[in-house]
1. Setting aside same-chain residues fewer than 8 positions from B:LYS527, which aspartates and glutamates have a Cα under 18 Å from its Cα?
2. Using modelled backbone amide H atoms (1.01 Å from N, in-plane), which distant-in-sequence or interchain residues come within less than 5 Å of B:PHE641's amide H?
3. Subtracting the Cα-Cα distance from 0.36 nm times the residue separation, let me have the gained length for B:ASN732 to B:GLN54 in nm, one decimal.
4. At 0.36 nm per residue, and after removing the present C-alpha to C-alpha distance, how many nm does the segment from B:GLU716 to B:VAL186 gain when stretched out fully?
5. Given just the C-alpha atoms of the range B:57-270, how large is their convex hull per residue in cubic angstrom?
6. Test of understanding: what is the full-extension gain from B:SER566 to B:LYS443, defined as 0.36 nm times their sequence separation minus their Cα-Cα distance?
7. Need one number for chain B: average projected area of the convex hull over its C-alpha atoms, nm².
8. A:LYS73: which lysines have alpha carbons under 16 Å from its alpha carbon, excluding same-chain residues fewer than 8 sequence positions away?
Amino acid sequence: MELLRVEHLSRYYGEGPAQVKALDDVSFSVEKGEFVAIMGPSGSGKSTLMHLLGGVDKLTAGQVWVQGTDLYKLDETALAIFRRRQIGLVYQFYNLLPVLNVRENLTLPLLLDGRNVNETQLEQLAQILGIQDRMKHLPHQLSGGQQQRVSIGRALITSPALLLADEPTGNLDSKNSGEVMALLRYFHEKKGQTLLVITHDERIACQADRLITVEDGHIARDEAVRP
Amino acid sequence: MKNIIHTLTRAQMRANPRRTLVTLIGVILSVTMLTAVFAGADSFLNLLYRQAAQDNGTWHGRAFETGEQVVQNLSQDDRVDQLGLAAGWGMVPLDDQNRWGAALYGVNQSFYQLLGVECLEGTLPAKENELAITRTIAEKTGWKLGEQVSLDLLRVWTPQGMDSTGATTYRQTSGLGIMGLSDSYVIHSVGENQFTITAIVDPGGFDDQNVLTWEPCFTALEEQIPPDGLWCAYYTVNPLGQELYNLMEDIQNWQAALPADAGGVGTIDLNRQLLLYYGMDYPGSLLLPAFYGLMAVTLLIILVGAVSLARNAFAISMSERTQMLGMLASVGATRAQKRQSVLYEAFILGLIGIPFGLAAGCGGMAVALILLNQQVQELFQFTQSLYLSVRPMFLVAAALLAALTLAFSALQPALKASRVTPMDAIRGEGQIQLHSSDMKTGKLTRMIFGFPGVLALKNCKRNRGRYRAIVFSLALSVIVLVAGTGLSYYVDRAMGVRYGAGSPIATATITFNDPSLDTTPYTDELKALAGTGEARVVGGLQAGAMGSFTLDWADMSQETINWLQSQTDLSEEEDTSGGSQSSTIYPTLLVMEDEEFAAWAGQGVSLNPDYLDCVMITSTYLNYEGSYTQLKNALNLRPGFSMDFAQEGGFADTWHIAALAEDFPYSGNTVTDTSIDSLTLQLVTSRSVFQAFLDRQESQNREGAYYWQIQYIHPESISALTNGLQDWSLNNSYGLPAGVVSAYYNTLAMGGLQRFGMLLQILCVGFVLLLCLVCMANIHNSLSTGMELRAREYGILRSVGITPADFRKMIWLESLFYGIKALCWSLPLGLGVLALEYCAIRRAFQFPFCLPVEIVVLAIVLVLGVCWFSGLLTRRNLAEQTIAQAIQKTIC
Ligand SMILES: Nc1ncnc2c1ncn2[C@@H]1O[C@H](COP(=O)(O)OP(=O)(O)OP(=O)(O)O)[C@@H](O)[C@H]1O
Ligand SMILES: [Mg+2]
């Protein structure tokens, strides 16, 4: 089943001779349950692509469908609600709100949605993330790896259709990096979570089902990863 | 060599002009508030100075009616800078009945200067036998410039007391301050002298301010003045300081050596109101300490706000520069160098901000003073107007304090900056460290405001120091506002019980006894006085003129009976209530102009002019020995009730109640000073009904007392009006026309309590305005810097899916929470203070407790308005950027 479809997606910055075509006429689609790695040199437009897929940027042209919904046809409020229910976003660092404790950060999408928190589910999640004894701490009291695990937990708490992660391990040492990747793989394998992960790390890319290489705003290669 | 840290700091400030501007505005606002306090205080002192210079002159101290020896000592004293002298020559009655006249003084040039004597026409006397007279003397006597007059001068001693043998003792007077020439005075002639009138002057500060008895006139101070007269010496000292007090003490000693009847008991005092400007007052007086204390408290409270404002500005620009500092640290910058970065920024901001702040503070105060002028003038009965006038000294003090504030505010961020490590820069730390305990919010917040409310409250609290400073200032504004205006509200209520609300500033009353007299010229004359402004005419009959009647207690309210009984209990020796169970009622009548009566009474009331048809007022104000009470529906009299009256040698007619009204139409003499068992009954009628009544009296050849009164409600110029009324009463003192019994005026000087209430109100309003400004600046700064610093956080929040509506709600609530929190603390406290104030005032004035709802509402609206407005400014700057931009912003 097709979960994500992108058609003729473009994002230009500025105008005239100084115009930067960060993303230029990109089309592809992702099946439900796929784990896609996105690689490419610096400045090639990976982050731009991810922002557009997550519905947090303005596009210049093209369409993005997530579960049959054209993201950029939604008004701002509908898009926000769609995002908090169907899309999980994880950035390289500073994903957490410093005024909220771990528990609140974790359940932020639910709180925004006015939904009740299922305590057993939350406990399970905390256990999987390995932060069950840190629930009352503020983010700055956590290590970078712990922070990153909390942001992954937050991105997944609503069981979204799509998880987008922009260099989730970019800021971490190899041990923490391994833990975070194990976590992502766990959700992919056990829960059938669809994943799109931007990375510079070949070893991470190898764990994916499929590798998309972006170069200069275009998709240069789109290939299955051999295990 | 260029300092690299300074260069970097400047570059950083230039790189983010918006951030720098926000910080600069924070600095300017802090300086503005401090300056405003200094400018306001000095302008007020300056007003006192100018008013004193006008009322009394510019002298520092004086020995009034002292002896010649004192004057001689003074003229040889080198502490004295300028010495104005007036040697009393004698007095000349200028009226057949010796009621008033001129008091002649030989004066020197300094006297004219120090007393502000102004030459209106001609030239001031330079030689002996030249004479300057006042305008009043010129008008009353008809003397002209150049005219030769012969003055038969007298010296006067007034009785002073008795000595041990029982003989009367006397003291000499130079003329000012006594009335007429009494038979009990000892009077000696000092001979007749010829003078040429060369000038008409305004005697300036050498004047009895309001009464015409002995008008001063001046000639040159020469040898020919007979010895042993009284002298008035006015001096300034140089340098002004402690020596003034020493000199005053010396004068006291010199004077003590003189005999009592020859200057030994003269008045020695200081031009206090003027000296306050120089920070001097009588030793031991608490006036100046109180003034400076008030200023200090105000400054202190503003300082709390200013420091938190400035400190935050620096802290934020510092945390924004964590990256730079971390980089510097990584290449080996010392702590001192990192510290320097913040301090240097403070220095630059101070250099730009302080001059702007000084200008803005003065500018703001200039406007505020113009707005306050009218009230201050009325309050202190000043003729000089209040405007901005600041001595450089005060500006320097404001600038210094501002510089200290900035330095103090920059200190903590600077220390923090010195501790930034490369690691902090990488991890993006440097923001104020949060504590889990501060970030707790109650379930109630979530229930009432939803999750955006929780986020907003946490954001408010993340900077604890500032959160508290803002809440404290807002709470203080509410308490000051509620307590201050609440007190004047209760004072007004109390005064309303005493005089009726909105008492006129002045009244002039003429009592007539001839009903056939055309009284309009008399009232028209009063209405045409200069400075009258808004005025109205009322008339009537005093209690007693309509006789009295007895009313059974059965026809009175229980409250009234209780009151009457409590009053009789107070004076048991005169038990009049015994078995009588009735009281005497004295009707009084107020007459209103027909149109005003119609407007007040309404359409339904029409009066029959065939008898005294009236509206009865059902509330009664009572005064018994200083305790004021208001009774409602005291007497059970209904429309249709009528009563005849016939006063022996007075009026006779019938009065009739056409309708009832709860309240008196306007203030006036509505309070009954009761005797123990009597009450008054207030009736109101229209002018045409009253005129018909007068016509009936005339046709029956009856005569009786009735009055017309001009009530000056809003005079255009109080001083002009007061002068006009003085002249009017003076003219009347030379004899009243037939048919007029008496003519007098009253300026209802505000009662002490009322003045106090008004002063308090002015102070409170000014204070609250300042506080609100501080809060507004603080909240705005907090929100707008939050917006910038937390751009990424907000980006995350939006990317997680907060709806635009919820996001706006969060920002909106963040500004509002300061106010809500402040109200939670301050409203109960403010209401408590109100209750205390009510209890205090109730001791003397009885009126039912009433909550000044409008004040409470005003306080709530003000606080929430301040918050809302501060937030509004910020929200306008929001929007635009996409979430992606916000998230990336702080990464690079
Ligand atoms: N706000 C912006 N204004 C102008 N150009 C931009 C903006 N944001 C990104 N770009 C440009 O768009 C291009 C793609 O940027 P993007 O952040 O997507 O790169 P990336 O592939 O994520 O690189 P990296 O691996 O370094 O994170 C770059 O050339 C960048 O300079
Ligand atoms: Mg990137």
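Derivation of every value follows stated rules applied to the coordinates shown; laboratory data play no part. A quick note: this is a predicted structure, and the numbers were derived from the prediction, not measured. Neighbour counts run over all protein chains shown; Cβ positions are idealised from the backbone, glycine included.
1. Result set, ordered by chain and number: B:ASP518, B:GLU593, B:ASP594, B:GLU595, B:GLU596, B:GLU716, B:ASP727.
2. Amide H neighbours of B:PHE641: B:ILE657.
3. Going from the current span to full extension adds 241.2 nm.
4. Going from the current span to full extension adds 186.3 nm.
5. Taking the convex hull of the Cα positions in the range B:57-270, it is 118 Å³ per residue.
6. 38.7 nm
7. For the Cα atoms of chain B, the hull's average projected area reads 52.6 nm².
8. Qualifying lysines at Cα under 16 Å: A:LYS58.
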